[in-house]
Every structure is written in C-alpha cells, then in structure tokens.
1. Counting other C-beta atoms within 10 Å, which of 23, 94 has the fewest, and how do the rest follow?
2. From the convex hull of the Cα coordinates of the chain, what is the mean projected area in square nanometres?
3. Give me the percent relative contact order of the chain, please, defined on Cα pairs under 8 angstrom at least 6 residues apart.
4. Which order do 7, 53, 36 fall in if you start with the one that has the fewest other Cβ atoms within 10 Å?
5. Can you check what the net charge comes to around residue 79, using other residues whose Cβ is under 13 Å from the Cβ of residue 79 (Lys, Arg +1; Asp, Glu -1)?
6. Compute the helix-to-body angle for 18-39: its Cα long axis versus the longest principal axis of the chain, expressed 0 to 90° and rounded to tens.
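All of the numbers you see were taken from the coordinates with simple rules; none came from a lab. Since we're looking at a predicted model, the values are computed, not measured. Cβ: placed from backbone, ideal geometry, glycine included. Neighbour counts: every protein chain shown.
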Amino acid sequence: MPPDILVLPSHNLPFRGLYPRIDELAAHHHARCAEVIAACARPHSAAEAFCPVMFRRRLDRHQTAFALGEALAHLHYLIGQGEMERARDDDGVDRFLRRAA
C-alpha cells in the first residue's frame, strides 16, 4: 500500500497515512497495558481496572458496558502474554494480579 493511502475509519474523519496511525495505536496499546500491569500490583477486579486506571473520564451506562468489555479484553490479553494472573476471591469475583517477576 502506498504510504499516503486514504483511510476511511469507522470513527472520526477520513485521513491519509495508515502506517503512522498503526504505530500510534500500537504505542498507545503498549502504554495502556503497562499502566494496567503497574496498577495490578495488588489484585483488581475488571471494574476496578477500567475505572480509573484505563478510563479517567466519567462514563455513562452505555460507555461503562463497553469499557468493562475492553478492560476484560486487555486483562485476558495480559494473562495470555504471561504478565497477569487471575484468581477468584471468596465472594466469587475474579481478581487480576500482576505476575511476579
């Protein structure tokens, strides 16, 4: 693909420059995962991980459902990468914890 190819995203305006945008998204994902890992030095539920760790602004009900799904996706990704582990507490809530180095 040419570097100045027109991108028609599902969100926001069309733009040119796919590869720099991919690099931005990858860097953002890496930074957010590092923040989640750091925050999970003590166990967190998925709800505790997304607010305020992943999302710092106030969310409405609709956004909260999406945010929880995104938090779970990131936590499961980090488990798959060997960075986190999950354990169920006495109340039946899954807690996520940074894996010891």
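1. 23, 94
2. If I average the Cα hull's projected area over directions, I get 8.3 nm².
3. Values: 97 pairs, mean separation 24.6, N = 101.
For the chain, the relative contact order is 24 percent.
4. Taking fewest neighbouring Cβ atoms as first place, the list is 7, 53, 36.
5. +1
6. Orientation of helix 18-39: about 10 degrees from the principal axis.
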